[in-house]
Number of protein chains: 2
Amino acid sequence: MKAKIYITLKDGIHDPQGQAVQQSLHTLGFEAVQDVRMGKFLEVDLQDMEKESAEATIKKMCQKLLANTVIEDFQYELFDS
Amino acid sequence: MKAKIYITLKDGIHDPQGQAVQQSLHTLGFEAVQDVRMGKFLEVDLQDMEKESAEATIKKMCQKLLANTVIEDFQYELFDS
């Protein structure tokens, strides 16, 4: 299975990186940009796994390592590889 | 309009960050992980724009600032906000 994982800051959590990108976009003339939120995107290859156990594994991986669940949310999609 | 932008390394481009994550996952016992590729994920809010001009704007933003198109690909989705 392949998984795409999206990690985003929770609403209300300050995002200085996003603000810096927004500022740079304004400087480049993209004045219409009202807000930018930065996140992480991971593509993970899992060897020989059923969909259900892959889903459980991905959840555990996010909770233990990939996301800081105090300030970040995660979402994922699974695909047959 | 709101846009979700996914920036990924092109195939064949070395991804040390992804390898480090993969190594850490193995250390934590997730032995089934065969490959990890790290990317970036951005959520961008665009003020009062038609879908077509928003699309053109997002493309330009990626080419000029957000992605390094020599080594990175970008994809995006647009949503009504």
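Read the figures in this text as sums done on the coordinates, not as results from a lab. Remember, predicted model here, so these are calculated numbers, not experimental data. Here the Cβ is made from the backbone with ideal geometry for all residues, glycine too, and neighbour counts use every protein chain on show.
Within a 10 angstrom radius of each residue's Cβ in B:12-18, how many Cβ atoms of other chains show up on average? Whole number is fine. Walk me through the intermediate numbers first.
On the way: counts 0, 0, 0, 1, 0, 2, 3.
Mean partner shielding for this stretch: 1.
Can you give the FRET efficiency to the nearest 0.05 for B:Thr27 and B:Asp80, using r as the Cβ-Cβ distance and R₀ = 41 Å? Show your work: numbers first, answer last.
Numbers: r = 43 Å, r/R0 = 1.06.
After rounding to 0.05, the efficiency reads 0.40.
When the Cα centres of region A:1-78 and region B:3-81 are compared, how far apart do they sit, in Å?
If we compute the Cα centre of each part, the gap is 10 Å.
Could you tell me how many degrees, from 0 to 90 and to the nearest 10, lie between the Cα long axis of helix A:16-27 and the main elongation axis, the longest principal axis, of the Cα atoms of chain A?
So the inclination is approximately 50 degrees.
Along the Cα→Cβ direction, 7 angstrom out, place labels at B:Asp35 and B:Lys64. What is the inter-label distance in nm?
3.4
Is there a simple number for the mean count of other chain Cβ atoms within 10 Å of the Cβ of residues in B:29-40, and what is it? Could the numbers behind the result be given before it?
Details: counts 2, 8, 1, 10, 8, 7, 7, 8, 6, 4, 8, 6.
Taking the mean over all residues of the peptide, I get 6.
Helix A:51-61 sits at what angle to the longest principal axis of chain A, using alpha carbons and giving 0 to 90 degrees rounded to 10?
The helix A:51-61 is inclined about 50 degrees to chain A.
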